[in-house]
Amino acid sequence: MRLFYENFPFFCVFLGLLCGIVTTLIRDGKKARYLTLLMLAVCAVLSGVVFAETARAGRCFSYSMGAFPAPWGNELRSGPIEALLSMVFCLVMIFSLLGGKADLEEDILPEKQNLYYIMMDLLAASLFALCFTNDMFTGYVFIEINTIAACSIVMAKDSGQTILATIRYLIMSLVGSGVFLFGVSMLYTITGHLLMPNLLPAVTKLFSNPAYDYPLAMLAGMICVGLAVKSALFPFHTWLPTAHGSATTASSAVLSGVVLKGYIILLIKVMCRVFTPAEIGSLGVGSVLLVLGAGAMVYGSVWAVREPHAKRMIAYSSVAQVGYIYLGLGLCTTMGIAAAIFQIIAHAFTKPLLFVSTGGLIDASGHQKKLYFLRGAGRRCPMAGVGFTIGGLSMVGLPLLAGFVTKLVLGRAALAEGIPQWQMIVALSAIAISSLLNAWYYLPAIVQIWKGGEADTDGVVYSHEFVPSLSFKAAVVCMGLAVILLGCFAYPLIELLTKSVSLL
């Protein structure tokens, strides 16, 4: 008999879609926001219950959709990792919407705010589906829903810059979706399956036939590259800085914190449920992901150093942080995958904290977005200044913060037995160089916001009286505490993730 909590993953997806439908009938943006926040809070609780039960029992479960059995039916699957990530995504979306509320109300016309929350509801539903789906084609369907919703929340701030950024985002996302769909089509052609549990034995059997070496390498590469394009892995990142840097604060936080991660979660499930990490490594796909991840870590950091625009600097930092995730995945080991998942969680809290705090600093500086004009903004809005400082120091890798743990665990994974020497050298070098570059641009930015005096040019002083709202303070405090707690009490979580990788 099915346990009642095993229905919760379906409830999360259903509630997201249902709220998207109901919100179309709500014209008041404030009521739409309340409904979205309520849905996210309920789904966070449901996902938390699933996480607690599956982590306690050390098990995963499947949930069949409809009356059709495998291989024609569809199903969801959840274990500790999927439920934990779903809960984290809910919390981050709640904090992002609360922290960016003031900018959202200013940037988006009142009559369009309910439409914004419709897209947020669909975005949440697609993220739940990507976390829990056990079917390749269902993954593709919700990838497209995710893309449409993500593009919509970028262009919700109606300006020429956001529309141009949205077009670039949409073009690159469609390229990624197309490549992914080609890979899934090839996989279905040679196996006859779309459900992941049926694909794994079929693909393992094909590995024993040398005639399928090239087709398997091609389709695995296409699936991974398609998802890498959508998650802005270098060199497919060109759309990200403009899209994240020009959107309203809540959108920037959600895009960077959770949207990019949804595609990566699907990739991790493909690596573990359709193939195995060892098979991905033997095909050479793992090595490509590792090299691209290392390149992203360095390239994104270099461009962040050169970027004077505060939000675009943080966006380039996201390019580098996505590289950390792919570096762990490219190692194709249990510890590497666990480190990548920890980085997903750590970055999900840290980057929205930075975007929300930067929004407050910008508001306290007369809406000037260049770092030079944020001089002294931390004094005018201490809550935003503290949030930016915590997030920036975490990105640098200060001990007792989440970013330090990510670098430490990735370093341990690279030094593990069985890792080729060249991979170890590339990984450790990328971590070291990226950390130095992170310090190069985050530490001066932190000093700048706390520096005495006001930035001025042509006799105009760029300061502004800014009183943060209660929701802004709550969001910054909660995300800041999450970053600190992940840094101070990471060991039990790392142990749980390492053990739970086998349940993926």
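The values are calculated or read from the model by the stated rules, or taken from the named source; none is laboratory data. Keep in mind the model is a prediction, meaning the values are calculated, not measured. Glycine also receives a Cβ, built like all others from the backbone with ideal geometry; neighbour counts cover every protein chain displayed.
Structure data summary
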read-out	value
Residues satisfying the stated conditions in the range 348-376, i.e. surrounded by 24 or more Cβ atoms within 10 Å (Cβ to Cβ), farther than 18 Å from residue 319 by Cβ and in contact with a Lys or Arg (Cβ under 9 Å, 6 or more places away or on another chain)	359, 361, 362, 364, 365
Residue in the range 293-310 that is surrounded by the fewest Cβ atoms within 10 Å (Cβ to Cβ), counting only those that are out of contact with any Ser or Thr (no Cβ under 8 Å at 6 or more places or on another chain) and assigned to a helix (DSSP H, G or I)	306
Sole exception among (1) of a type outside the set (D, E, K, R); (2) crowded, with 24+ Cβ neighbours inside 10 Å; (3) in contact with a Phe, Trp or Tyr (Cβ under 9 Å, 6 or more places away or on another chain) for residue 283, by number	(2)
Filter result for the condition that a residue is among the hydroxyl-bearing types (Ser, Thr, Tyr) and at pLDDT 90 or above, over 263, 316	263
Any hit, the range 339-352, residues being of a type in the set (Lys, Arg) and over 18 Å from residue 265 (Cβ atoms)	no
Residue, surrounded by the most Cβ atoms within 10 Å (Cβ to Cβ), within the range 12-58, restricted to residues that are charged (D, E, K, R) and either in contact with a helix residue (DSSP H, G or I) (Cβ under 7 Å, 6 or more places away or on another chain) or closer than 26 Å to residue 102 by Cα (or both)	33
Subset of the range 68-97 [aliphatic (A, V, I, L, M), modelled with pLDDT of 80 or more and over 22 Å from residue 155 (Cβ atoms)]	76, 81, 83, 84, 85, 87, 88, 91, 94
The range 456-499 - residue that is surrounded by fewer than 18 Cβ atoms within 10 Å (Cβ to Cβ) and in a loop (DSSP other than H, G, I, E, B) and, of those, modelled with the lowest pLDDT	459
Unmet requirement for residue 93, which otherwise passes all of (1) buried (at least 24 other Cβ atoms within 10 Å of the Cβ); (2) aliphatic (A, V, I, L, M); (3) over 17 Å from the mean Cα position of the chain (by Cα)	(3)
Top-ranked residue in the range 186-210 [being without any contact (Cβ under 8 Å) to a residue 24 or more places away in the chain and exposed (fewer than 14 other Cβ atoms within 10 Å of the Cβ); ranked as farthest from residue 283 (Cα to Cα)]	189
Residues (within 20 Å of residue 472 (Cα to Cα), outside any helix (DSSP H, G or I) and small (Gly, Ala, Ser)) located in the range 77-124	100
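Residue-by-condition table, conditions (1) surrounded by 18 or more Cβ atoms within 10 Å (Cβ to Cβ); (2) in contact with a Pro (Cβ under 6 Å, 6 or more places away or on another chain); (3) outside any helix (DSSP H, G or I); (4) not small (Gly, Ala, Ser):
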position	(1), (2), (3), (4)
130	yes, no, no, yes
138	yes, no, no, yes
149	yes, no, no, no
174	no, no, no, yes
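Yes or no, residue by residue, for (1) part of a helix (DSSP H, G or I); (2) among the hydrophobic types (A, V, I, L, M, F, W, C); (3) surrounded by 24 or more Cβ atoms within 10 Å (Cβ to Cβ); (4) touching a residue at least 12 places away in the same chain (Cβ under 8 Å):
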{"position": "250", "(1), (2), (3), (4)": "yes, yes, yes, yes"}
{"position": "255", "(1), (2), (3), (4)": "yes, yes, yes, yes"}
{"position": "261", "(1), (2), (3), (4)": "yes, no, yes, yes"}
{"position": "265", "(1), (2), (3), (4)": "yes, yes, yes, yes"}
{"position": "272", "(1), (2), (3), (4)": "yes, yes, no, yes"}
{"position": "312", "(1), (2), (3), (4)": "yes, no, no, yes"}
{"position": "316", "(1), (2), (3), (4)": "yes, no, yes, yes"}
{"position": "320", "(1), (2), (3), (4)": "yes, yes, yes, yes"}
{"position": "328", "(1), (2), (3), (4)": "yes, no, yes, yes"}
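Here is a yes/no grid of residues against (1) out of contact with any Cys (no Cβ under 9 Å at 6 or more places or on another chain); (2) not charged (D, E, K, R):
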| position | (1), (2) |
| --- | --- |
| 63 | yes, yes |
| 90 | no, yes |
| 95 | no, yes |
| 100 | yes, yes |
| 107 | yes, no |
| 134 | yes, yes |
| 166 | no, yes |
